[in-house]
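Notes for the one structure printed next.
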Amino acid sequence: MKGIMNTLFGKKNRSRTISFSLVILVYIVIEILMHAIRMPRLFTSLLVPVCCYIIVALALNLVVGFSGELSLGHAGFMAIGAFTAVAVSGLSASAVPNGMLRLFLSVVAGCIVSGLFGLLISVPVLKLSGDYLAIVTLAFGQIIKSLINNMFLGFDKNGLHFSFVTNEVSLENGKMLLSGPMGATDTAKISNFTTGIILILITLFIIYSLINSKYGRTIMAARDNRIAAESIGVDISRTKTLAFVISAALAGMAGALYALNYSTLQPSKFDFNTSILILVYVVFGGLGNINGTIISTTLLYVLPEMLRSLQDYRMLIYAVVLIVVMQLTNSSRIRRFADRITDLFRKKGEE
Amino acid sequence: MKKLLVVLLSILCVLSLAGCSNGGGNDGGNSGDDAPAADETVYVKLGGSGPLSGDAKVYGEAVRNAAQIAVDEINASDSHIKFEFNMADDEADGEKAVSAYSTLFDWGMQVSLFTVTSGSGAAVASYYDEDGIFAITPSGSATALVYTDEKNFPSNFQMCFTDPNQGVAAADYIAQGFADKAIAVIYKNDDVYSAGVYEKFNAEAAEKGLNLVYTGSFTNDSSTDFSTQLTAAKDAGADLVFLPIYYQPASIILKQAKDMDYAPTFFGVDGMDGILTLEGFDKSLAEGLYLITPFASDADDELTKNFVASYESRFGETPNQFAADAYDCVYAIHQALENIGYKAGYATNGLNEDLAKQFTTMTFNGLTGQNMTWAENGEVSKAPKAVIIENSVYVSVDQ
């Protein structure tokens, strides 16, 4: 019994237990609510995008928080996952009529392709030290967006047709999968909340398994003191690459889920602003803090929607709230106050 | 333990915020339901979304302002059909457009101005179709708003020209008036609107045998310097430059062309409209600029004069074609509602089909054209007007 308690609530695993129970609890409550009463449309429409952003924020936290490298191009990985998923889903529409199965295939494909791109850019770059990764990922995000902006991909009974920059794809009763700046159109909306939650749980499982493993400890050792880590034989670039590739693959997974939630998707969605937005979620929730990331992403995504009644002042208030909360959470006085309250609770619990 | 506290606090925050917004929504809802039944007056909930914050907010605000004018005019008139108007912010983004649509749906929207921009419209087109809400967009010009390759959205309509139609119209116009000129095109290739117009222009130009000597493109990230494209156009000997782009980058192109002593004929489409009202723009640069637009704010018919006067007095700006299209949308919806005999207790189910039937059979006279009709696929049919800017005003050119 004590052993089970320790695996669940021991110092090392408490955060993991909280993460999983938080996500599962929220899922159960929302599912009950959706079946019991008619939820507002706004609420149901936010569920899947929130799941996507939670996954990609968790992925980014792995790089920024645990590996200590700055990535400014996670929207690019999302884009790769997204458009891969759209293509796979469109191509397999007739072969795999089952939506769930097709969603699974698309998400896996998005995950793999995005992970490969992550590997491609991290292998040379992570051999360097300093801020090079930030610069390269920044450029990478822009390049991916531009590339997809100029891609035309369609298929008909004669197979796949592809053209670059100018649209030379002419189809016989076929379907365009990617049409340049218009992106993907007519995508079947097959994403759903349950899949979103399952993917979050998978993400949490992967991240916790990684950071609690030998590899995780070397990743954090390399972050905390590169020279010390190297001196005891940690292969820095290899550990960082591992974290980065997993992060890229998870971001691609989020992108795939995201893309299949909308009937159209334009490449311009995944611009620099989106990368920064994800970074804001991570910083807001705390670097290396997984539960914080989940909560901050949910809050920051939902907040502007909840402020709609303020009309023109919406974005102003959003910005003010952002600044105030960032200040408050970093203020030592507030922290001391919070600590005193938690101490109070803890003492009561011990009595 | 500390973490648990944070969780609890955050949940409290979310709940209190949710409470706030729901309260606001209900207030709006009640005023509509409480419309007196004895009186014949009936309020129709008119929704719509557009960018009210961010880069593209000028367009969203123009639509909101003009629609508000039309709604106020109708509500002050003796017509028994009046509007409650709610415009939501979608930041010109597909993802936010879905949230904006959901907000409006929760509010109880019955008819809609759809979206202002094409990108967000394409994202919600299927939602309007699935929920059976009639929608007509003032300015979302991509065909994806009204039909896709696979299906037609029967109750989604457009007040503006579609991108392909504009591209074809521009190529035809140039083929008639400037057949012997060497033509350069500069377009924005990460923009649905610009790329859509360009693609059809290119196809039609090839068909008409136009002499295209140079095609240049730019993206959102490179829309502040056009010296490369202009130099290439000049070197290629182009004496007409076709600009299927919005007016902000166009204003920079005009400025840079003047600085390098390059003076071809510039030719724009409806996105060029508004260039004269751009803050800090030297209006002399736009002299001799051709554009195809459905609306000229200095037209001297009674309707235009009244609209421009009330827009200027309320918002301190000259309205552009986005505003004019929005104004027309509200009146067209109103006309259709009157034609179907809308009254209190009218079945909400099927309202979109009745309105769609009405739109495809009626003709409408508005700011942006006379005798407008709509095709089954939702596209409008009206005559494009070409104007030239002389002494900082639009002058119609008739060929």
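Any read-out appearing in this document is the output of simple, stated calculations on the displayed coordinates, not a laboratory observation. Just so you know, these numbers come straight off a predicted model, no measurement behind them. As a convention, Cβ positions derive from the backbone with ideal geometry for all residues, glycine included, and neighbour counts pool all protein chains shown.
Pull up the DSSP beta bridges for the protein assembly as shown and report the antiparallel fraction as a percent, rounded to 5.
45
What is the average number of partner chain Cβ atoms found within 10 Å of a Cβ in A:17-25? Provide the component values of the computation, followed by the final result.
Details: counts 0, 3, 1, 0, 0, 3, 0, 0, 0.
Mean shielding by partner chains, rounded to a whole number: 1.
Under unit Cβ charges (Lys, Arg +1; Asp, Glu -1), what dipole magnitude, rounded to 20 debye, does the protein assembly as shown have relative to its Cα centre?
Working: 51 positive and 73 negative charges, 1028 e Å.
With Lys and Arg at +1 and Asp and Glu at -1, about 4940 debye.
Run down the lysines and flag those whose C-alpha is under 16 Å from the C-alpha of B:Lys208, throwing out any fewer than 8 positions away in its chain.
B:Lys181, B:Lys200
Other chains near A:67-77: what is the mean number of their Cβ atoms within 10 Å of each residue's Cβ?
Across A:67-77, the average partner-chain Cβ count within 10 Å equals 0.
Relative to the first principal axis of the alpha-carbon coordinates of chain A, what is the inclination of helix A:74-91, with its axis defined by its Cα atoms, in degrees from 0 to 90 and to the nearest 10?
40
Taking the Cα centre of chain B as origin, sum charge times position over the Cβ atoms of Lys and Arg (+1) and Asp and Glu (-1), and report the length of that vector in debye to the nearest 20.
520
Just how far, in whole angstrom, is segment A:200-219 from segment A:150-167 if you go by their alpha carbon centroids?
That distance is 39 Å.
Mind counting lysine pairs for me in segment B:220-336? Cα separation below 15 Å, and the two need to be 8 or more apart along the chain or on different chains.
Counting lysine pairs in segment B:220-336 gives 4.
Roughly how many whole Å is it from the C-alpha centroid of segment A:44-61 to that of segment B:153-178?
So the two Cα centres are separated by 40 Å.
Ranked highest first by the average count of other Cβ atoms within 10 Å around their residues, in what order do B:52-60, B:236-244, A:52-60, A:336-344 fall?
A:52-60, B:236-244, B:52-60, A:336-344
What does the net charge come to around A:Phe162 if you take all other residues with beta carbon closer than 15 Å to its beta carbon, with K and R at +1 and D and E at -1?
In short, -1.
About its Cα centre, how strong a charge dipole does chain A have in debye, to the nearest 20, once Lys and Arg get +1 and Asp and Glu get -1 at the Cβ? Display every interim value, and only then the final one.
Values: 29 positive and 17 negative charges, 235 e Å.
Here the size comes out at about 1120 debye.
Report, as an integer, the average count of C-beta atoms from other chains found within 10 Å of each Cβ along A:34-47. List each step's numbers first, then the result.
Working: counts 0, 0, 0, 0, 0, 1, 9, 11, 14, 4, 1, 10, 4, 0.
Shielding by partners across A:34-47 averages 4.
Tell me what chain B gives for mean residue ellipticity at 222 nm when only DSSP H runs of n ≥ 4 count, each as -39,500 (n - 2.57), the sum divided by the residue total, rounded to 500 deg cm²/dmol.
Result for chain B, helices only: -15000 deg cm²/dmol.
Between the helical axis of A:14-36 and the dominant principal axis of chain A, each derived from Cα atoms, what acute angle in degrees is found, rounded to the nearest 10?
That works out to roughly 60 degrees.
How many Lys pairs in segment A:46-290 lie less than 15 angstrom apart by Cα atoms, where the lysines are 8 or more positions apart or on different chains?
4
Which residue, chosen from A:Ala57, B:Thr304, B:Met159, occupies the Cα position most advanced towards the positive end of the dipole of the protein assembly as shown, where the dipole is computed from +1 (Lys, Arg) and -1 (Asp, Glu) charges on Cβ about the Cα centre?
Farthest towards the positive pole: A:Ala57.
So what is the 222 nm mean residue ellipticity for chain A from helices alone, if each DSSP H run of at least 4 adds -39500 (n - 2.57) and you divide by all residues, rounding to the nearest 500 deg cm²/dmol?
The helix contribution divided over chain A gives -23000 deg cm²/dmol.
Put +1 on the Cβ of each Lys and Arg and -1 on the Cβ of each Asp and Glu in chain B; which of B:Ser251, B:Gly341, B:Pro294 then has its Cα farthest toward the positive end of the dipole?
B:Ser251
B:Lys357: which lysines have alpha carbons under 25 Å from its alpha carbon, excluding same-chain residues fewer than 8 sequence positions away?
B:Lys45, B:Lys82, B:Lys151, B:Lys343, B:Lys382
So which trypsin sites (Lys or Arg not before Pro) in segment A:174-215 pass both tests, a DSSP loop state and at most 16 other Cβ atoms within 10 Å of the Cβ?
Numbers: sites: A:Lys175, A:Lys189, A:Lys214; in loops: A:Lys189.
The qualifying sites are A:Lys189.
Have a look at B:Tyr198, A:Met34, B:Phe281 and report the one farthest towards the positive end of the charge dipole of the protein assembly as shown, computed about the Cα centre with Cβ charges (Lys/Arg +1, Asp/Glu -1).
Positive-end residue among those listed: A:Met34.
For A:Arg217, what charge total do you get from the other residues with a beta carbon under 12 Å from its beta carbon, if Lys and Arg give +1 and Asp and Glu give -1? Don't skip to the end; give the middle numbers.
Numbers: positive: A:Lys12, A:Lys214, A:Arg223; negative: A:Asp224.
Residues near A:Arg217 contribute +2 overall.
If Lys and Arg each add +1 and Asp and Glu each add -1, what is the summed charge of the other residues whose beta carbon sits under 15 Å from the beta carbon of B:Asp93?
Result for the local shell: -3.
Using a 10 Å cut-off on Cβ atoms, rank the peptides A:288-301, A:192-205 from the highest mean neighbour count down.
Answer by packing, highest mean first, reads A:288-301, A:192-205.
Where the centroid of each part is defined by its Cα atoms, how far is segment A:285-351 from segment B:238-282 in Å?
Their Cα centres are 48 Å away from one another.
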